[in-house]
Amino acid sequence: MVLDRPGSPLRLADLPVPEPGPGQLLIRVLACAVCRTDLHVVDGELPNPKSALVPGHQIVGTIAGVGPSAPLGTGPSAALGAGPSASSGAEPAASRWQAGDLVGVPWLASACGQCRYCRDDQENLCDRPRFTGYQVDGGFAELTLADHRFAVEIPRGGDPVHLSPLLCGGAIGYRAYSFAGDARRLGLYGFGAAAHILVQLARSQGREVYAFVRPGDEQAKRFALKLGARWAGDSSQAPPEPLDAAIIFAPVGSLVPAALAAVRKGGTVVCGGIHMSDIPPLPYSLLWGERVLRSVANLKRSDASQLIALAMAIPIRTEVRRFRLEEANEALLALRCGKLSGSAVLEVASS
């Protein structure tokens, strides 16, 4: 499914089979979850996407081929400490991957490995990153390519459809969750793909979750309560108790003052999206009292790997609505209109 230009519907197209280059994996896509970031790309809210782009960056598939590999220590994996692929010696870096392996491909397609952020283990802030389904073709397709250093191992027996939402919304949500600290009372503004994963994680750790949804969205309230939220209400409401921290997933800047008003002194508000409407002027009194307002940018490979391990252990069950590949426009529309509980997933091929 190809985006010819922002603002246009995706177009079903037959493309040449991609050929894996040095250090690349050819992946047969089994499932690709649809993310709000895909909407931002398709709607033109993120500038300068690749021309004739194949969107999609929450990919689970099997390896269909492995390209030639650079010797270990010559690329970003050496500078970044990329886990199993950064072992010592001159072994080809892609040798840990074999045809048929189950693999995940997240939003971060690559990082330069040379800037100050990569050197400081902050690859998510890289000065020269590339992103899957934005600057390189993604997973709204039967086949795609990925840099082997930025692919994520998926345990055998994992369900591609239910694991795919963990690779962006889930992983970035998990990163935002880590910045919320040890908050006992946690507020989640916007109860969609990321929040429905985090509520399960938070409840497994004995935390209280307060869910804020679009005014009048009774279905979302019921969904949050079913998953273990202690309270669910409209985003315009104050919670029944002061929050220790809040995470904002809805791309609505006016929620920032509301969330600051809801957290106690010393509390933290984390903005978890890549795009948000303008934050309105707010009185300093909302920030005073050592409240913290911060953003989360992109994700690290370790965020995805750690969340997948937790999801398998707890276990976390993602709520999904399945679409065929050619129904990608319908999936995007359902997300845009708020008609989803959990995540939309394109089921591309059977495992």
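Bear in mind these aren't lab numbers, they're just calculated from the coordinates by the rules spelled out. All of these numbers come straight from a predicted model, not from anything done at the bench. Please note: Cβ atoms are built from the backbone with ideal geometry, for glycine as well, and neighbour counts cover all protein chains shown.
Could you give P(r) for region 171-295, binned at 5 Å from zero, as whole percent values over all Cα-Cα pairs?
Histogram of Cα-Cα distances, whole percents per bin: 2, 12, 25, 26, 22, 9, 3, 0.
Pick out which of Leu143, Leu12, Leu186 has the largest mean-square fluctuation in a Gaussian network model of the chain, springs linking Cα atoms closer than 10 Å.
Checking each option, the largest mean-square fluctuation is seen for Leu12.
What dipole magnitude, in Debye to the nearest 20, does region 171-295 give about its Cα centre under +1 on Lys/Arg Cβ and -1 on Asp/Glu Cβ?
I would put it at about 280 debye.
In deg cm²/dmol, rounded to 500, what helix-only [θ] at 222 nm does the chain give when every DSSP H run of at least 4 residues adds -39500 (n - 2.57) and the total is split over its residues?
-6500 deg cm²/dmol, from helical runs alone.
May I ask which residue of Val296, Val136, Leu333 lies farthest towards the positive end of the charge dipole of the chain, with charges of +1 (Lys, Arg) and -1 (Asp, Glu) on Cβ and the Cα centre as origin?
Val296
Among Thr62, Thr318, Thr144, rank each residue by its count of other Cβ atoms within 10 Å, from fewest to most, as a rough exposure measure.
Going from sparsest to densest Cβ surroundings: Thr62, Thr318, Thr144.
Fewest Cβ neighbours within 10 Å first, please rank Asp120, Asp4 accordingly.
Numbers: Asp120 10, Asp4 13.
Ranked by crowding around the Cβ, least crowded first: Asp120, Asp4.
List the aspartates and glutamates whose Cα lies under 20 Å from the Cα of Lys221, skipping any in the same chain that are fewer than 8 positions away.
Glu208, Asp234, Glu241, Glu319
On a 0 to 90 degree scale, rounded to 10, what angle separates helix 301-313 from the longest Cα axis of the chain?
Rounded to the nearest ten degrees, it is 70.
Taking 0.36 nm per residue of separation and subtracting the Cα-Cα distance, what length does fully extending Arg5 through Ala309 add?
Values: separation 304, 0.36 × 304 = 109.44 nm, distance 3.72 nm.
Here the answer is 105.7 nm.
For region 176-244, count all C-alpha to C-alpha pairs, find those more than 14 Å apart, and express that count as a whole percent of the total. Each step should come with its number before you reach the end.
Details: 1179 of 2346 pairs.
Result: 50 percent of Cα pairs exceed 14 Å.
Leaving out same-chain residues fewer than 8 places away, which lysines sit with a Cα under 25 Å from that of Lys300?
Filter leaves Lys50.
Straight-line reach from Lys226: which lysines have a Cα under 20 Å away, not including same-chain ones fewer than 8 places off?
Lys339
Describe numerically, in nm with one decimal, the distance between label points set 7 Å from Cα along Cα→Cβ at Asp121 and at Ser254.
My value for the distance between the label points is 4.2 nm.
For the chain, just the Cα set please: Rg and Dmax, both in angstrom.
19.9, 59
Specify the residue with the greatest mean-square fluctuation among Ile279, Ile197, Ile27, computed from a Gaussian network of the chain linking alpha-carbon atoms under 10 Å apart.
Checking each option, the largest mean-square fluctuation is seen for Ile279.
Sort Asp244, Asp234 so that the residue with the fewest other Cβ atoms within 10 Å of its own Cβ comes first and the one with the most comes last.
Numbers: Asp244 20, Asp234 13.
Ordered from fewest to most neighbouring Cβ atoms within 10 Å, Asp244, Asp234 come out as Asp234, Asp244.
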